[in-house]
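Undergrad: Can you read through this structure? Questions will come right after.
Rule-based calculations on the coordinates, nothing more; no lab input. From a predicted model like this one, the values you see are computed outputs, not experimental measurements. Cβ: placed from backbone, ideal geometry, glycine included. Neighbour counts: every protein chain shown.
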Amino acid sequence: MTVIAISNQKGGVGKTTSVVNLAGFCALAGRRTLVVDNDPQGNASSVLGSGLTDASVYEGAPPTPTRLAGLSLIAASHDLHDRERTLAQGDRGRLALRRALEVHRSHFDLIFIDCPPNLSLLPMNALLACDRLILPVQCEYFAMEGMAQLLAFVEDLRASDHKGLTLQGILLTMHDQRHPLCRDVESQIRQHFGDKTFRSTIPRDVALAAAPSHGQTIFEYDPLSAGGIAYLSAAKELLDGLE
Ligand SMILES: Nc1ncnc2c1ncn2[C@@H]1O[C@H](COP(=O)(O)OP(=O)(O)O)[C@@H](O)[C@H]1O
Ligand SMILES: [Mg+2]
């Protein structure tokens, strides 16, 4: 059983898109998969379920099956924002998600945690609850800045509370091979992070942008789109890397 957090404090870099589509393909590949929506915006909950619910993972909400075989969801709740405040009051508030996931460990092969675009207590809980981190990075000029901050944060956690936390990989998203800046960012990241960068890159693709408006993963909406094939390839790489 592996818990994977998908996090980056920048918004709009493809975290949620990566969570729902990697999880969808992993379930298709026969892994018992759970998505935990740890973002008050509830975007993953809308794609995989019917949006925000009354209780979140922090209140012990159980996994519910999605329409995809082998894929379950614990949706975000309407008051997940407020939950963050109560977490801040408890001295073990950073470990709340880790404790909440304990009971689910034996029922799933993979648990994906979606994160909000910040470095607050919610993503902190995800980092302390996970075994692996996937960091989606949009191929653009300021991409590296946000990464450095998150990776420094991860190093701190590894040195103190959570020695087992591993960077599974950096996933280049909204990639456009024709764009020189994008190629530059890619080569810088590959040079710096070597094989910690997924070989698969996710192209900027209209099908990936449109799928959520139909409440669908790319595997349902258009599996043979460039984005669909890219996420399939990234999911295969992920599963191979976990073996
Ligand atoms: N590879 C892609 N190509 C085109 N649009 C994308 C791609 N990945 C994500 N998007 C779109 O970009 C927006 C932000 O993506 P999202 O996954 O919600 O980012 P985050 O969760 O990091 O905020 C969404 O509207 C999404 O549909
Ligand atoms: Mg998101």
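Undergrad: Just to be sure I understand: of the beta bridges DSSP finds with both ends in the chain, what percent are antiparallel, rounded to 5?
TA: Around 5 percent antiparallel, to the nearest 5.
Undergrad: Further, regarding this structure: May I ask for the equivalent-ellipsoid semi-axes of region 2-242, computed as the square root of five times each C-alpha gyration tensor eigenvalue and listed largest first in whole Å?
TA: Semi-axes, largest first: 26, 22, 16 Å.
Undergrad: While we're on this one: Among Val185, Val137, Val19, which one shows the highest mean-square fluctuation when the chain is modelled as a Gaussian network with alpha-carbon springs under 10 Å?
TA: Most flexible of the set in this elastic network: Val185.
Undergrad: Using alpha-carbon positions, what is the distance between the centroids of region 15-39 and region 162-204, in Å?
TA: That distance is 20 Å.
Undergrad: Once amide H atoms are built 1.01 Å from N in the peptide plane, which residues 5 or more positions from Leu167, or in another chain, come under 5 Å H to H?
TA: Close amide H contacts, sequence-distant or interchain: Leu133.
Undergrad: Just add up the charged neighbours of Ala129: K/R +1, D/E -1, any other residue whose Cβ is under 13 Å from the Cβ of Ala129.
TA: Net charge in that neighbourhood comes out at +2.
Undergrad: No other cysteine beta carbon under 4.7 Å away is the test; run it over the chain and list who passes.
TA: That list is Cys26, Cys115, Cys130.
Undergrad: Springs between alpha-carbon pairs under 10 angstrom, Gaussian network model over the chain: which of Gln216, Gln149, Gln89 fluctuates most?
TA: Fluctuation is largest for Gln89.
Undergrad: Ok, one more. If each residue of separation counts as 0.36 nm, what is the full-extension length gain between Asp91 and Tyr141 once their alpha-carbon separation is subtracted?
TA: 14.2 nm
Undergrad: Students often check this: by mean Cβ neighbours within 10 Å, which of 22-32, 173-183 ranks highest, and how do the rest follow?
TA: 22-32, 173-183
Undergrad: According to the square roots a ≥ b ≥ c of the eigenvalues of the Cα gyration tensor, what is the shape class of region 53-108, taking rounded for a/c under 1.5, prolate for a/b larger than b/c otherwise, and oblate for the remainder?
TA: Note, shape of region 53-108 comes out oblate.
Undergrad: Given 0.36 nm per residue, what is the gain on full extension from Ser120 to Ile229 after removing their alpha carbon distance, in nm?
TA: Separation in residues times 0.36 nm, less the Cα-Cα distance, equals 35.9 nm.
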